[in-house]
Amino acid sequence: MKKFVRAPRSGIGLAVIGLVMMGFGIFRGEVPVVLEKAINICMECIGIG
Amino acid sequence: MGRRKSTNEWKRHGVQALWALLTNSYLIGFVQGRIYKGKLKNLCVPGLNCYSCPGALGACPIGAMQAVIGNWNFKFAFYVAGFLMFVGALMGRFVCGWLCPFGLIQDLLNKIPFPKKIDTFKGDKLLRKLKYVIFAVFVILLPLVLVDVLGQGAPYFCKLICPAGTLEGGIPLVLLNNSMRNALGVLYAWKNVLLLITVILSILIYRPFCKYICPLGAVYSVFNPLSVFRYRVDKEKCTNCGACAKACKMQVDPVENANHPECIRCGACKKACPVKAISN
């Protein structure tokens, strides 16, 4: 508990902003783009495309 | 050189290996030469882990970021940027030290004995800025600007630089697929040369890819001074003996800055401190 109290507010604040940004990204439909890229072999990534 | 006090790192390597196994546990992929296509790939993993690795269960955040930025529909990746901000704000570069499979590979390569290991060299500090340039140019700018007729940008970091993709995805998939072997060209050769250079340098220098190239490390390093998980030096206990700085393979002096952007939270400084002045 002591460690949590000593945690910098900036870190907690940024983590919350990060969560909000993730939520916005999910809301505007970015996740299917991630999924589509990740479930197909990325030929460029492995050096073939 | 050779002044570093050795610390037992096998506990950390155990955690790294366990995490690598956990996030790459689609083992059938390594046998059949295919990748996992399930819904877990909606989620990013915190470390650099190619999603075209046959075992990968999650998406690489750097690859995912380029995919969304390069998509004609979006041009900014709130989901991935938010994920990186969330993880970075909580842990900083703890991810690099404990949860990155490519970090583990470099750690192990550096254990290979070599007569003259290199701790630092002229231009080392300047070269560490290169990872920020690589992030800005290859992860953000090029996928955004260099687009095809449909307005789609390629993942230029993955395509032109990332040796993790070659090692984790390229080599196993090419070995296991005839059709891929027939499609090999200059790009594959180029990426294997980069991988070979990374492997050789990793034997000589501790984590050269993390220090100079990794865009993910660049992102997390920005959060290091602000993150919830952080190191603290008790100035009253500290005797300024310098043992912590000598133990640090990333060449950070914790007494000067316990949360330096280059610190990967490996804990070597904590173990080396004779008076236990460093805590988290």
Between their Cα atoms, which of B:K111/B:K237; B:K125/B:K237; B:K117/B:K159; B:K125/B:K276; B:K131/B:K159; B:K125/B:K211 are more than 21 Å away from each other? B:K111/B:K237; B:K125/B:K237; B:K117/B:K159; B:K125/B:K276
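Arrange the residues B:R232, B:R265 by how much accessible surface each exposes, largest first, with a 1.4 angstrom probe.
Highest to lowest solvent-accessible surface, that is B:R232, B:R265.
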What does the average come to when, for each residue of peptide B:58-66, you count the partner chain Cβ atoms lying within 10 Å of its Cβ? 4
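Averaged across the residues of B:68-80, what count of C-beta atoms belonging to other chains lies within 10 Å of each residue's C-beta?
Details: counts 6, 1, 2, 7, 0, 4, 5, 0, 4, 5, 11, 13, 7.
So the per-residue partner count for this stretch is 5.
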Could you check how much of the accessible area of the range B:230-280 is carbon and sulfur, as a whole percent, using a 1.4 Å probe? 50
So B:W190 and B:V137, fully extended at 0.36 nm per residue minus their Cα-Cα distance, gain in nm 17.2 nm
Using only the alpha-carbon atoms, what does the range A:2-46 span along each of its principal axes? Please give whole angstrom values in decreasing order. 48, 26, 13
Subtract the Cα-Cα distance of B:N240 and B:I28 from 0.36 nm times their separation in residues, and report this length gain in nm to one decimal. 71.1 nm
Expressed as a whole number, the average count of other chain Cβ atoms within 10 Å around the Cβ atoms of B:151-163 is 3
Calculated FRET efficiency, B:N178 and B:N280, Cβ-Cβ r, R0 51 Å, to nearest 0.05? 0.55
Mean Kyte-Doolittle hydropathy of 0.0 or higher plus an axial Cα length of 20 Å or more: which whole DSSP H helices in chain B meet both? B:186-204
Hull volume in cubic angstrom per residue (convex hull over the Cα atoms of the protein assembly as shown): 140
Under 8 Å for C-alpha pairs, at least 6 residues apart: give me the relative contact order for the range B:18-146, rounded to a whole percent. 23
Relative contact order of chain B (C-alpha contacts under 8 Å, at least 6 apart) in percent is 25
Tell me, how many Å apart are the Cα centres for the range B:216-250 and for the range B:21-40? 36
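The values are calculated or read from the model by the stated rules, or taken from the named source; none is laboratory data. The model shown is predicted, which means the values in this text are computed figures rather than measured ones. Counting neighbours? That spans all protein chains shown, and the Cβs are built from the backbone with ideal geometry, glycine included. We work out accessible area using only protein heavy atoms, side chains counted, and drop any ligands, DNA or RNA first. Shrake-Rupley method; radii C 1.70, N 1.55, O 1.52, S 1.80 Å.
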